[in-house]
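Input: a single structure, listed below in structure tokens.
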Amino acid sequence: MSVTSPSIETMQRTMSYPRWIVLQLLEECNLRCKMCYEWGLEGPYKQKKTLAQLDPEVIKKMIIDCSPGKPYYDFFGGEPLLYPWLGDILELIQHHGSYADFPTNGTLLEQHAEMLVATAPRKIWMSLDGPEAINDRQRGRGVFKKVIRGIEKLYELRQSKGQTYPKMGVSFIITPLNYMYIEEFFFQHLDLSMLDHISMEVQLYATEEQYAQYKEVLREQFDVHDAPYARGMVWSDSSSFSQIDIPELTRQLHVVKDHCLPRDIEVITYPKTVDEDNLRNYFGGEFGKMADKRNRCSLPWTYAEITARGEVSPCHAFYDLTFGNVNDDDLMTIWNGDKYKNYRAYMKKNMLPICTACSRYYIY
């Protein structure tokens, strides 16, 4: 998705309510995708003794409390389609004049297609990472066919009812395993006529140096002494990125993008700038040399993410830094509290060392 990024000064004048709220509905997921920073090879969620999910009554109160601000909502997991009250939450969001998007691994799409057409979220992003054999090596046996059946079912239901929503898209995570198959996947294994948008995203990662610097900032600036969530972003096999043929990857990305845009299929890429130098800098960990380098982040003034445990975080997926819990206080009290204010004061002049491993860094 994309959210426009007003200046920090503008945000300071208009931040009564968060403009973008992300709900991590639950921690549970039914897949173990290798590159996932939650449940994958490096993911910290495997160490959790119990798995949490947000109380639907807490979510409903939050939606009502924030309704004057008409925020945009995003769901996250785990796998959002495992959340038992997803339909109820979507209906309440629409009732209060907001809309929602969410990603899904797509394996449960077929069985939830009726609910999704009835509640009509704005956008759904389904994850597929290549032709069947490649995708299933990365995401699990049988996943490709389940997702394709789900896409077909959802599309047929939506069309039969003459609806525009939910708009449907596919997210492709670029890794050393699958980068050679981008063009083949989109043109030979996917019916692009069913899709409204696609995303081709580099695998997000952080270096050991970034992680160490991040831990130091958390300790010195925010009195936080551990960072297990960010640890999941540190890819121990980053040397495998050197295997990627950057010119070929660049060529394939442009071929797919140039095919889709004239057909009114929205295309998002991480990073936004798709050229050889920029991709080489990304996979080489030279983030400061990237064309997409950012000096400031406006999200502290626009964005709140609520974890499945109720903690309110200013960052996507990096739940090491939190400012309160919606099981104890309402979101607006936390949003306007001293901890958030202190964080905004710091972020007005700084970025966090690990920001380049955040998807939000590349999309707005």
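The values are calculated or read from the model by the stated rules, or taken from the named source; none is laboratory data. It should be emphasised that the depicted structure is a prediction, and the values quoted were computed from it without experimental measurement. Cβ sites come from the backbone with ideal geometry, for glycine too, and all protein chains shown count toward neighbours. Heavy atoms of the whole protein, side chains included, go into the accessibility calculation; ligands, DNA and RNA do not. Shrake-Rupley method; radii C 1.70, N 1.55, O 1.52, S 1.80 Å.
Antiparallel DSSP bridges in region 159-317: what percent, to the nearest 5?
15 percent
Report, in deg cm²/dmol and to the nearest 500, the calculated mean residue ellipticity at 222 nm for the chain, where each DSSP H run with n ≥ 4 adds -39500 (n - 2.57) and the sum is divided by the residue count.
Helix-only estimate at 222 nm: -10500 deg cm²/dmol.
Quick one: if the Förster radius is 35 Å, what FRET efficiency do residue 223 and residue 65 give, using the C-beta to C-beta distance and rounding to 0.05?
Between residue 223 and residue 65 the formula returns 0.80.
Quantify, in whole percent, the carbon and sulfur part of the accessible surface of the chain (1.4 Å probe; protein heavy atoms only).
46 percent
Please label the shape of region 175-323 as rounded, prolate or oblate, based on the square roots a ≥ b ≥ c of the eigenvalues of the alpha-carbon gyration tensor (a/c under 1.5 means rounded; beyond that, a/b larger than b/c means prolate, else oblate).
prolate
Return the whole-Å distance between the Cα centroid of region 221-293 and the Cα centroid of region 171-206.
Each part's Cα centre sits 13 Å from the other's.
Please report, in debye to the nearest 20, how large the charge dipole of the chain is about its Cα centre when each Lys and Arg carries +1 at its beta carbon and each Asp and Glu carries -1 there.
The dipole magnitude comes to about 440 debye.
How many Å² of accessible area per residue for the chain, probe 1.4 Å?
About 42 Å² of surface per residue is accessible.
log10 I(q)/I(0), Debye, Cα-only region 59-143, no solvent, q = 0.16 Å⁻¹?
-0.66
Between residue 292 and residue 259, 0.36 nm times their residue separation minus their Cα-Cα distance comes to what?
Contour length minus Cα-Cα distance gives 9.5 nm.
In terms of the Cα gyration tensor, with a ≥ b ≥ c the square roots of its eigenvalues, is region 159-209 rounded because a/c is under 1.5, prolate because a/b exceeds b/c, or oblate?
It is oblate, given that a/c is not under 1.5 and a/b is not larger than b/c.
Give the whole-number value, in cubic angstrom per residue, of the convex hull volume spanned by the C-alpha atoms of the chain.
132 Å³
Might you list the cysteines of the chain that have no disulfide-compatible partner by the rule of another cysteine's Cβ under 4.7 Å?
Those would be 29, 66, 260, 297, 315, 355, 358, since no other cysteine Cβ in the chain comes under 4.7 Å of theirs.
So for the chain, averaging the separation of alpha carbon pairs under 8 Å that are six or more residues apart and normalising by length, what relative contact order in percent results?
Relative contact order for the chain comes out at 20 percent.
Considering only 163, 200, 337, whose Cα is most displaced toward the positive end of the charge dipole of the chain, charges sitting on Cβ of Lys, Arg (+1) and Asp, Glu (-1)?
337
Only bridges with both residues in the chain count here: give the DSSP antiparallel percent, nearest 5.
Percentage antiparallel, nearest 5: 10.
Of all GluC sites (Glu not before Pro) in region 266-333, which ones are in loop regions per DSSP and have a Cβ with at most 13 other Cβ atoms within 10 Å?
Passing sites in region 266-333 are 286.
Where a ≥ b ≥ c are the square roots of the eigenvalues of the C-alpha gyration tensor, would you call region 85-228 rounded, which needs a/c under 1.5, or, failing that, prolate if a/b is larger than b/c, or oblate?
In terms of gyration-tensor shape, oblate.
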